[in-house]
Amino acid sequence: MNYHHVIEALGILMCGLIFYSYAYRWFPLVPRLAPYRGVIMGAAFGALTVALMIARIEVQPGVATDTRHTPLALIGLFEGMTAGLAAAVAGALYRAREGGVGATPGIAALLAVGLAAGLVHRWAARGGGVRLAHSAVRAAVTYALTAASFLPLGPSGWRLFAKQWWELLLADAVGIWLAARLFVDVVERERREAAERETAALKSVTELANAAAHEINNPLTSVVGLLDLLAKRLPAGSRETEWAGRAKEASLRIAEIVARMRHITRLERAESPDHLPPLLDIEKSSDEPS
């Protein structure tokens with residue numbers, strides 16, 4: 001085996017890991033790109049797939065293989081069906097351009113790996129995220145599909161597979177399983193950091209809300225009391241009495257908002273126009289005051 005080729009392939013995969021690490025953090029910062037996340041991720045890992053198809057690994061004199069299925073299996077496992085199929089389509093287009101007797105089974109294998117990755121992602125999502133079993137199943141299925149892609153070539157295909165089955169096992173099974181562990185680390189690290197940021201933001205908001213509630217509550221109590229005195233001095237049924245009643249209702253509404261500000265337990269944002277910064281939905285963010 002040409003180990004220089006192996007190092008080149010590992011470098012390409014590491015570029016994918018670095019990209020995923022940064023992209024996983026960037027997407028939440030640009031909400032307008034969220035609907036296109038799967039396509040963007042898939043296109044990026046599709047480029048890696050093509051790069052690995054070009055950077056072939058010589059396993060024996062005159063016999064070369066590649067790790068084309070690894071990037072699309074990983075991105076489909078962690079980002080879903082859209083990303084997996086987008087990466088597979090990119091690889092399939094390149095394989096179709098190259099042509100040859102193995103083009104059709106090669107294209108079918110790429111699409112099958114992308115589809116299978118999306119299905120395993122759905123299974124993992126129901127369990128709360130990618131775990132050891134999901135990455136192991138994904139690796140095993142990918143290796144099986146890689147082996148099956150040699151079937152249409154007949155005896156010559158199986159002879160070719162026999163010359164590289166061990167290297168393909170390392171690339172498709174062990175490689176995907178180990179790389180998936182690294183991707184899990186990226187996801188879990190970002191989730192921990194997001195939880196820490198959310199906790200810090202909640203602490204800041206609650207401290208500010210409690211201070212503001214305290215400052216508002218004292219003058220508000222005086223306003224409500226004075227409105228009660230004013231209403232008693234005004235003629236019953238007059239417009240002035242009606243105005244005083246409306247003012248008191250508004251004051252009581254403010255008092256309710258202030259009470260909720262003292263019971264904020266989470267951060268729920270309200271819809272706001274594009275030109276305004278995010279707004280806190282106090283009612284959804286607080287528990288009912290006791």
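The values are calculated or read from the model by the stated rules, or taken from the named source; none is laboratory data. Keep in mind the model is a prediction, meaning the values are calculated, not measured. Glycine gets a Cβ as well: all are built from the backbone with ideal geometry, and neighbour counts include every protein chain shown. Calculation scope for accessible area: heavy atoms of the full protein, side chains included, ligands and nucleic acids excluded. Shrake-Rupley method; radii C 1.70, N 1.55, O 1.52, S 1.80 Å.
Would region 94-106 turn up any residue that is in a helix (DSSP H, G or I), open to solvent by less than 20 Å² (accessible area, probe 1.4 Å) and either out of contact with any helix residue (DSSP H, G or I) (no Cβ under 7 Å at 6 or more places or on another chain) or among the β-branched types (Val, Ile, Thr) (or both)? Looking through region 94-106, none of the residues is in a helix (DSSP H, G or I), open to solvent by less than 20 Å² (accessible area, probe 1.4 Å) and either out of contact with any helix residue (DSSP H, G or I) (no Cβ under 7 Å at 6 or more places or on another chain) or among the β-branched types (Val, Ile, Thr) (or both).
Here region 262-280 is the region considered, the condition is being modelled with pLDDT of 75 or more and part of a loop (DSSP other than H, G, I, E, B), and the residue that is farthest from residue 208 (Cα to Cα) is 268. With respect to the conditions (1) open to solvent by 30 Å² or more (accessible area, probe 1.4 Å); (2) closer than 17 Å to residue 76 by Cβ; (3) outside any helix (DSSP H, G or I), residue 128 lacks only one, and its number is (2). The combined condition, being surrounded by 14 or more Cβ atoms within 10 Å (Cβ to Cβ) and in contact with a His (Cβ under 6 Å, 6 or more places away or on another chain), is not fulfilled by residue 84.
Looking across region 224-266, the residues that are closer than 30 Å to residue 31 by Cα, touching a Leu at 6+ places or on another chain (Cβ under 9 Å) and surrounded by fewer than 16 Cβ atoms within 10 Å (Cβ to Cβ) come down to 265, 266.
On the basis of being in a helix (DSSP H, G or I), of a type in the set (A, V, I, L, M) and crowded, with 18+ Cβ neighbours inside 10 Å, does residue 12 make the cut?
Details: in a helix (DSSP H, G or I): yes; of a type in the set (A, V, I, L, M): yes; crowded, with 18+ Cβ neighbours inside 10 Å: yes.
Judged against the criteria, residue 12 is a match.
The single condition among (1) closer than 16 Å to residue 147 by Cα; (2) part of a helix (DSSP H, G or I) that residue 117 does not meet is (1). Return the residues of region 45-72 that are open to solvent by 40 Å² or more (accessible area, probe 1.4 Å) and in contact with an Asp or Glu (Cβ under 6 Å, 6 or more places away or on another chain); say none if nothing qualifies. Passing the criteria: only 56. For first residues located in region 11-35 and at pLDDT 85 or above, partners that are among the basic types (Lys, Arg) and lie 6+ apart or on another chain with Cβ distances below 9 Å form the pairs 21/189; 23/37; 27/37. Report whether or not residue 32 is among the basic types (Lys, Arg) and surrounded by 14 or more Cβ atoms within 10 Å (Cβ to Cβ). No.
Within the set 75, 7, the sole residue that is buried (at least 22 other Cβ atoms within 10 Å of the Cβ) and out of contact with any Asp or Glu (no Cβ under 8 Å at 6 or more places or on another chain) turns out to be 75.
Working only within region 181-223, note down all residues that are basic (Lys, Arg) and either open to solvent by 70 Å² or more (accessible area, probe 1.4 Å) or not in a helix (DSSP H, G or I) (or both).
Filtering region 181-223 for residues basic (Lys, Arg) gives 181, 189, 191-192, 197, 203.
Correct list: 189, 191, 192, 197, 203.
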